[in-house]
Amino acid sequence: MNAADLFVRCLEAEGVEYVFSVPGEENLDLIEALRQSDIRLIVTRHEQGAGFMAACYGRLTGKPGVCLSTLGPGATNLVTPAAYAELGAMPLVLITGQKPIKTSKQGHFQIIDVVDLMRPVTRFTRQIVSAATVPARVREAFRQAAEERPGATHLELPEDIAREETDEAPIPASQTRRPIAEDKAIARAVAAIEQARHPLLLVGAGANRKLTARMLRRFVENTGIPFVTTQMGKGVVDETGDCWMGNAALSDGDYCHRMIDRSDCIINVGHDVVEKPPFIMEEGRRTVIHVNFFSAEVDPVYFPQLEVTGDIANAIWQIGERLRVQDHWDFSFGHKVRRALAVDLDSGRELDGCPIHPRRLVHEVRHVMPDDGILALDNGLYKVWFARNYQARKPNTVLLDNALATMGAGLPAAIGARLVHPDRKIMAVCGDGGFMMNSQELETAVRLGLDLVILILRDDAYGMIKWKQQDMGLTDYGLDFGNPDFVRYAESYGANGYRVGSVGQLSALLSDCLGRSGVHLIDCPVDYGDSQQQLFETIPAASRAVE
């Protein structure tokens, strides 16, 4: 067999189900090997789409997703998905082709140093220079991609190496278990929590794992300690419960920030400095306990006093087993915050205008989505509203990116989620700006026969930046654009298109589309007009009232 055949056998040994790809001529030997494999090749319409789909697969399964491109422009188009996965802790293996490296008659046509290009956005990047090294290189790429903290790795397979004959075999993955936290670290954490008067749990991105979520739910139920979440920690613990104090969607001034300000001990589980800081640490103000797979990355706003490093689920279990509920714990302020937050989140149901207000929009989407339904959010101002107001009940049911925060990932992520969870309701929520960056993946969804709802929030502008422009007191300039007729655009791909004319119509449309097969695109006008006042004046003023 040749190196391309061996490469695919190595992918099979790693349990790869899908390879997402825009192939090129330098990949053809690998494509032929995939044709004879049980691995399913998903051809996309842009390399970004392939990378985002693969990263979402990795995020939801814990196994590295795989994407493939050709050299040169194909490889450069994978840089953004690589950064998306690396910052967002999503296991991803990127494979790119290359011209022959031993002899070539094409000069430097399309050739750039892809390995060096990928170095800043991956933790492992190598060119394969011999068929004999394929098993070791593939195994290492998958090992590093899945290792805590997960992220992106890259392999380059040149055309002539892909054709080299070899009798090597795949290297099987070793059986490993994560190290657990030291007993003394657990004891110190328990002592600090028991001594506190106002302990608070903060759930971050690294806690968004099945077993960790189960342990955290048990911890909250047994102790009654209130918790807040970061954007990428949404849904780890049921956010409809009495102990949830809100999401750190705003920089400051929200109800959750009142809880943080009042706390004297924060148990910070799965914190990652790639997310916007949910609080700014001040020396001597409170005890912060860092619970994560790895030690704390010290930052001017984050320097915890205690660290519990090791498997998070095991650490929370150990802490929970030793911790005793204390009579001096005082959660009375938390009860006030929770009541006020509940009133705030319930507001907006009466907003019947069209274009629709973001508050009402979140209510409508939450109403139609089942508890295990998955929202894949692109990036825009609506993401702040969903992170704050949409109460998630299960882990990984709100897929948002608060690390790289790139536009264009919403629709591809929804496609990836659909492939992982064929029996669950999936909805992509995209702004018109982000949607048009990878809108061609509509064809991919239709071709694959997926059941998918895409809700486009149209304001005919780059709304998030326009909002920031307004906040800075600058003149409205340079951020408006035109859009296609989204209904006809969807229909041209073979999808179903709809246009919203009223709030009532939106509710009926969402329910109907989620209950039917096929790809459904809904064009919904949105009004961000008072978001500045709501998010930075009304909400902070209301939250101060609980003091």
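Kindly indicate which of Ala136, Ala169 is of a type in the set (A, V, I, L, M, F, W, C), modelled with pLDDT of 95 or more, under 17 Å from Ala33 (Cβ atoms) and surrounded by fewer than 17 Cβ atoms within 10 Å (Cβ to Cβ). So that I can check it myself, show each step before the final result.
On the way: Ala136 fails: under 17 Å from Ala33 (Cβ atoms).
Unique residue meeting the criteria: Ala169.
In the range 22-67, what residues are closer than 17 Å to Ala413 by Cβ, among the small types (Gly, Ala, Ser) and touching a strand residue (DSSP E or B) at 6+ places or on another chain (Cβ under 9 Å)? First the steps, then the outcome.
Initial filter on the range 22-67 (closer than 17 Å to Ala413 by Cβ): 42, 44-67.
Retained after the next criterion (residues that are among the small types (Gly, Ala, Ser)): 49-51, 54-55, 58, 62, 65.
Residues satisfying the conditions are Gly49, Ala50, Gly51, Ala54, Ala55, Gly58, Gly65.
Restricting the range 116-134 to residues that are over 20 Å from Arg163 (Cβ atoms) and in a helix (DSSP H, G or I) leaves a set whose member that is farthest from the chain's Cα centre (by Cα) is Asp116. Scan the range 283-305 for residues that are among the aromatic types (Phe, Trp, Tyr) and in contact (Cβ under 8 Å) with a residue 24 or more places away in the chain and jot them down. Phe293, Phe294, Tyr302 - these are the residues of the range 283-305 that are among the aromatic types (Phe, Trp, Tyr) and in contact (Cβ under 8 Å) with a residue 24 or more places away in the chain. Kindly indicate whether any position in the range 171-178 is among the hydroxyl-bearing types (Ser, Thr, Tyr) and farther than 28 Å from Met232 by Cα. Yes, some residue in the range 171-178 is among the hydroxyl-bearing types (Ser, Thr, Tyr) and farther than 28 Å from Met232 by Cα.
With respect to Arg544, determine if the residue is under 30 Å from His335 (Cβ atoms) and either modelled with pLDDT of 90 or more or not assigned by TED's automatic domain parsing to the domain that holds Ile426 (or both). Walk me through it before giving the result.
On the way: under 30 Å from His335 (Cβ atoms): yes; either modelled with pLDDT of 90 or more or not assigned by TED's automatic domain parsing to the domain that holds Ile426 (or both): yes.
Yes: the conditions hold for Arg544.
The values are calculated or read from the model by the stated rules, or taken from the named source; none is laboratory data. Small disclaimer: the values here were computed from a predicted structure and weren't measured. With ideal geometry, Cβ positions are generated from the backbone for all residues, glycine too; neighbour counts draw on all protein chains shown.
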